1. How much length, in nm to one decimal, is gained on full extension between residue 665 and residue 486, taken as 0.36 nm per residue of separation minus their Cα-Cα distance?
2. Rounded, prolate or oblate: pick one for region 33-85, where a ≥ b ≥ c are the square roots of the eigenvalues of its C-alpha gyration tensor, a/c under 1.5 means rounded, and failing that, prolate if a/b is larger than b/c, else oblate.
3. Label residue 241 and residue 216 with points 7 Å out from Cα along Cα→Cβ: what is the distance between them in nm?
4. For region 292-360, what does the alpha-carbon gyration tensor say about shape, rounded, prolate or oblate, given a ≥ b ≥ c as the root eigenvalues, a/c under 1.5 as rounded, and a/b over b/c as prolate?
5. Could you order peptides 736-747, 779-790, 10-21 by the average number of other Cβ atoms within 10 Å of their residues, highest first?
6. Per residue, what accessible area does the chain have, given a 1.4 Å probe and all protein chains present, in Å²?
7. Set the Förster radius R0 to 60 Å, insert the Cβ-Cβ distance between residue 193 and residue 502 as r into 1/(1 + (r/R0)^6), and round the FRET efficiency to 0.05.
8. Given 0.36 nm per residue, what is the gain on full extension from residue 342 to residue 469 after removing their alpha carbon distance, in nm?
Amino acid sequence: MSLITPQVIPFQAKPQPSFNKNFDLLIRHLHEMKAAGYETYICSENPKQFDRLAAIFKELKADVQFLPVEVPIHEGFIDEDLKIEVLTDHQIFQRYHQYKIRQGFSKDVALNYRVLRELAPGDFVTHIDHGIAKFAGLQTIEIGGQKQEAVRLNFKNNDIVYVSIHSLHKISKYLGKEGETPQLSKLGSDAWKQLKARTKRKIKDIAAELIKLYASRRAAKGHAFPPDDVLQTELEASFLYEDTPDQYKSTQDVKSDMEKPYPMDRLICGDVGFGKTEVAIRAAFKAVSDGKQVAVLVPTTILALQHWRTFTERLADFPVTVDYINRFRSAKEKKEILEKLKAGKIDMVIGTHALLGKEVGFKDLGLLIVDEEQKFGVASKEKLRGLKVNVDTLTLTATPIPRTLQFSLMAARDLSVIRTPPPNRQPIHTEIRVFDEDLIQEVIHAEVNRGGQVYFVHNRVNDLPKMVETLKRICPETDVAMAHGQMDPEHLEKVLVDFIDRKFDVLACTNIIETGLDIPNANTIIINRADMFGLSDLHQLRGRVGRSNQKAYCYLFAPPMSVLTQEARKRLKTIEEFSDLGSGFQVAMRDLDIRGAGNLLGGEQSGFIADIGFETYQKILDEAIQELKENEFKDIFQEEIAQKGSYVRDVTIETDVEMLIPSEYVTNTQERLNLYTELNNIENEEGVAAFAQRLQDRFGRLPSPVNALFDGLRLQWLCKKIGFERLILKGGKLRCYFLGDPQSSFYNTEHFHKIMAFMQKHGRIMGVSLKQTNKELILVQDEVRSLKAVKSLLEQLTTAIA
């Protein structure tokens, strides 16, 4: 056996030099390497980093070349044999290199209600045109000798309506007041129409007030900030983590608002710990870069301190002065800070409602950031309103309270939702239990033994010391600290800082920790008498844990369900049910429901909601707002109307072509209904392709009625673009109905005039004509061979108006 002689393979390599974010040094280095005949590659997992580098080089007027490589490597190096250097973006910008463990997922649960999927026969539903009915499942019916599938609805006196699977968006689950059974509507009577008209009139009155408020902000003269500069780019690139897609979009939204000439008023709704603060820091820095001051308003003393730490650490490498005012500061310190603020020597100030005091003055305030707006009282909110008139305002919240939520959904305020959790986050395990000492002992031991810490929330200051004694008795080997708002400020701060520094295992406290305490090592929370807390409070408290990649636990202690009020039972059930990541928005939706959405827009509204159901109320609300924007307030929303691609909200398709998912292809009726509902929400070809692929993977080759169903969906999109509300294709005859409202501004648009011009020029050749009745304008074609021919005609019309 011959032994292999060991070989030495020499290679000349050295690690990437350190540039300490000094771009002049980097540019000089790149020039030297080029002169020495080296080729430079820069590696990054995120293509946006190349754009950021290019922008920085351009701003510094540096003519440097590098080859971008969209692959992450852990550390850069220089190979002297091959004459190449490979640099990494995270070393240039001094970021940690994040190993990819698991992709963060975006849940599409927040803004669509997802309740239609869960319809069961016997459920009450609302049909937007006919009223309240009972859902009776899917049924196959014959039209012109062809099979179709439709949803069967039972109305009063056992009248039946079949709703085409193309019109599922017209049905919504009835959500009224819990425990109240709605009246079924009578087909053929005007009662439902009148109720809708009455509701719309009322909504319009209230909405007009809100839009006036919005309009006054739009008309107010604000400060238009300039586009990003090199420092802004550098700040964003130095963020330790990768932006989630939602975080990136929210940042872009905020910056684009700031660059407009009227004041920004944006609400960022992101679940607890999803990176809203980073978006706020970027906005604040943009304001400071343009010589403006920033005020950050927070609800609690502790949060002011924590935000000050976060802002200071994040902006340490930049020329920004940050300070804070809260009750921990002495009178002398406060006086000094206020003087510096007035003189413009402080760029950013963070504080509680003390910032709204008369003695606080700014040299040039440009941006106001409000964290957790719902925690401020009415008086503070009024003062805020005075401050906001022509200052850009950014509001951050984890659970929007119903009124702000409703306001946002109604477009009287701009809304960004961050619902993608950071990578490696796990949902918080949530349980409702009765107070039990053995369970407390078990929970605390389990957390402390894995090196973590525990919050024990007990919201009564009087007997908090007694609870601390109980905890010490149950778990004698753990260190328990106590914190509440009535303690001496210095002592309270010391306790919290010691807990952050892991000197205690358990913090027994009131809900003082509710907003903003950020301790990644605390991953279990026990909330005593959880039934006494509001929904958004519970959601906030639970958000104190699960801020790292550890599995977190939340235990809600309450008396047995049987003795709780119905409201409290629903609150606890909601918080237990929505323990998914990013469920804050859903919690707020349910909150609307629990409180009886009525008190949002005045007491009389709750009557309407009980009569027509919450989702239908929402649809009418949306219609009312659109009508106000297009008519009474069209001058204010000119830009929005011009960008608006479509005047049509719903398209109804009636046809005798066989379009359905055959029962022999998908046998389960509920599953077919789910698939129809999902298909109804698809808005583009990519969505159709992905849906078709999933169907094929699950059920096999697609039958032709399913492909016809996809064509029906494409026809709906084309109708929307053109301006048809209804398309009827039966017996080879085509009828397309234009918008039913003759007063609509659609008929004055260039879009409509182009359709008319196309019809004059090509109508006769194509066998297509227009017919005007008393109420409607209809496009008519009498000999239609196939669906494909209809699609071709509509595509030609779409091209003509493009």
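1. Extra length from residue 665 to residue 486 when fully extended: 57.8 nm.
2. Here region 33-85 falls in the oblate category.
3. 3.9
4. oblate
5. Highest mean packing first, the order is 736-747, 779-790, 10-21.
6. Value for the chain: 47 Å² per residue.
7. Between residue 193 and residue 502 the formula returns 0.40.
8. The residue 342-residue 469 span can extend by a further 40.9 nm.
The values are calculated or read from the model by the stated rules, or taken from the named source; none is laboratory data. Here the structure is a predicted model, which is why all the values come from computation and not from measurement. Virtual Cβ from ideal backbone geometry, glycine too; neighbours counted across all protein chains shown. All accessible areas refer to the heavy atoms of the entire protein, side chains included, with ligands and DNA or RNA removed. Shrake-Rupley method; radii C 1.70, N 1.55, O 1.52, S 1.80 Å.
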